[in-house]
Amino acid sequence: MEKQLIFDFYNTLYDPVRDQLYDGIIELLTNLSEEWDLVLITTGSLDRQIQITRLILPDLFSEIIIVDQKTQAAFQSQLNGYGITLIIGDRLEEEIAIAQKLGMPFILVNSTKESPAQTIKSQLEKYNV
């Protein structure tokens, strides 16, 4: 695939208050996976891997990377051979700051203002991809 989306998990796809994915996320990811290579980069441990597996996410992502801390190197390692890559996350000081340092487009998700699925969908339309 020539297009790649790198997602954050917590507060981007997953609602920690309700302990479930945000509404519309599975449908969105399923549709996106037809045209995009989907990668998940999240912090955590074995508990996070179990949580992701429980939510049926491994089937939708080409790669799931669980790190102790999000770094520019973790994101940079995923950039090989894609015509376009967007980073999608909820934290200005993590995913978005990394995207800016790498000079990459990004989508900022704020689940308190709008459905993450709607934000991602509408922002992708703005990028005309």
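Considering Ile98, Ile120, the condition of being farther than 18 Å from Ile26 by Cα, of a type in the set (Val, Ile, Thr) and under 15 Å from the mean Cα position of the chain (by Cα) is satisfied by Ile98 alone.
Within the stretch 24-40, being without any contact (Cβ under 8 Å) to a residue 40 or more places away in the chain and in a strand (DSSP E or B) holds for Leu38, Val39, Leu40.
Kindly indicate which of Gln69, Gln49 is surrounded by 13 or more Cβ atoms within 10 Å (Cβ to Cβ) and either over 11 Å from the mean Cα position of the chain (by Cα) or closer than 22 Å to Ile120 by Cα (or both). Can you show your working first?
Values: Gln69 fails: surrounded by 13 or more Cβ atoms within 10 Å (Cβ to Cβ).
Testing whether each residue is surrounded by 13 or more Cβ atoms within 10 Å (Cβ to Cβ) and either over 11 Å from the mean Cα position of the chain (by Cα) or closer than 22 Å to Ile120 by Cα (or both) leaves just Gln49.
Scanning the stretch 9-23 for residues that are touching a residue at least 60 places away in the same chain (Cβ under 8 Å) and either buried (at least 17 other Cβ atoms within 10 Å of the Cβ) or over 14 Å from the mean Cα position of the chain (by Cα) (or both) yields Asn11, Thr12, Leu13, Tyr22, Asp23.
Select, from Gln69, Gln78, Gln49, the only residue that is among the polar types (S, T, N, Q), in contact (Cβ under 8 Å) with a residue 24 or more places away in the chain and either within 16 Å of Leu5 (Cβ to Cβ) or assigned to a helix (DSSP H, G or I) (or both). I'd like the intermediate steps shown before the answer.
On the way: Gln69 fails: either within 16 Å of Leu5 (Cβ to Cβ) or assigned to a helix (DSSP H, G or I) (or both); Gln49 fails: in contact (Cβ under 8 Å) with a residue 24 or more places away in the chain.
Testing whether each residue is among the polar types (S, T, N, Q), in contact (Cβ under 8 Å) with a residue 24 or more places away in the chain and either within 16 Å of Leu5 (Cβ to Cβ) or assigned to a helix (DSSP H, G or I) (or both) leaves just Gln78.
Restricting attention to the stretch 25-73, the residues that are of a type in the set (S, T, N, Q) and touching a Lys or Arg at 6+ places or on another chain (Cβ under 7 Å) total 3.
Read the figures in this text as sums done on the coordinates, not as results from a lab. A quick note: this is a predicted structure, and the numbers were derived from the prediction, not measured. Please note: Cβ atoms are built from the backbone with ideal geometry, for glycine as well, and neighbour counts cover all protein chains shown.
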